[in-house]
Amino acid sequence: MQVALTSPRCDEPAPSRSERTFPLWIYPQILSLDAPAIAVVWEWFFAKCFHVPTSPAMLFATAACVWMIYAADHLLDVRNGAIYSARHAFVARHSRTFVTAAIVVFAAATAAAWQFPLEMWIGALQLTGVVGVYLGFVHLLGERTRRYWPKEFAISAIFAAGSSLATWTSVALRVLPAVLLFAGLCALNCCVVDYWEWQTNRVLLRYPQSMTRIVARHFVATSTMVAAATYAFAPTDVALAILLSLLLLLVLYARRSDLAPELFRLLADAALLTPTLFLWR
């Protein structure tokens, strides 16, 4: 099966940007607030599980950095003409506002991070370099290289590293299995969301990478593999949070035909907020 990457077609004309309206429930997604919320919850959770000190400033910096990465990714998508979802349409309509907000958020995050220990600064700078390479591959080389590497796996690894920065810069290898398993959970989330969004979106702009398709088509099997590894290698609280998220994703996967793509994405992201059940213990 092949899908044209240029000049997408649709049976009916799509509504113009000025005509698009969005329901209230979708605003966390189109404002790119869902990923920062997940990152903060897991940053806090990892720090609690591995007895690493944290602070409101650290959690704010985590949320701010994740938001800037996702906002930049969406702005670059829009700049390249990839407007295939509500979040892209919203960013296209308010691109100047997003750029202004990114500048303000960057300044606030820098101020919040000023008190961080040296090892966190070093880890953050290393991760910033990786993010720069990722954005370059995705938006400068684009579809010419996309077939050779799964974007969803790359962003999941980066997201997991960013969502545990305070912990792995403090306790290093001790947290590595938990972070890798969380990255696996994120990869499952990204793959199934991207594949379902591609399957159901009438304006098909890109064909999912082969590894993404394999994971999504065999979602029960791949989820079972991650669940088994989690049970074997993750600390108890981390294992419970990941296993519960996997269960919620499997329920959503079974009901995916009843859900619109945007709602499916929102609920799939909400399924990753399970650490909130353990933070108050």
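Values in this text are rule-based calculations from the coordinates and carry no lab data. Just so we're clear, the structure is a prediction, and the values are computed from it rather than from any experiment. As a convention, Cβ positions derive from the backbone with ideal geometry for all residues, glycine included, and neighbour counts pool all protein chains shown.
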ask   = Which fully enclosed helices (runs of 4 or more DSSP H) of region 86-197 have 3 or more residues being more than 25 Å from Arg265 (Cβ to Cβ) and free of Cβ contacts under 8 Å to residues at least 60 places away in the same chain?
value = 95-113, 118-136
query = Within the group Phe219, Phe264, Phe233, which residue is touching a Lys or Arg at 6+ places or on another chain (Cβ under 8 Å) and in contact (Cβ under 8 Å) with a residue 24 or more places away in the chain?
reply = Phe264
ask   = Taking Trp196 and the conditions (1) more than 30 Å from Leu173 (Cα to Cα); (2) touching a Cys at 6+ places or on another chain (Cβ under 6 Å), which numbered condition does it fall short on, given that it satisfies the others?
value = (2)
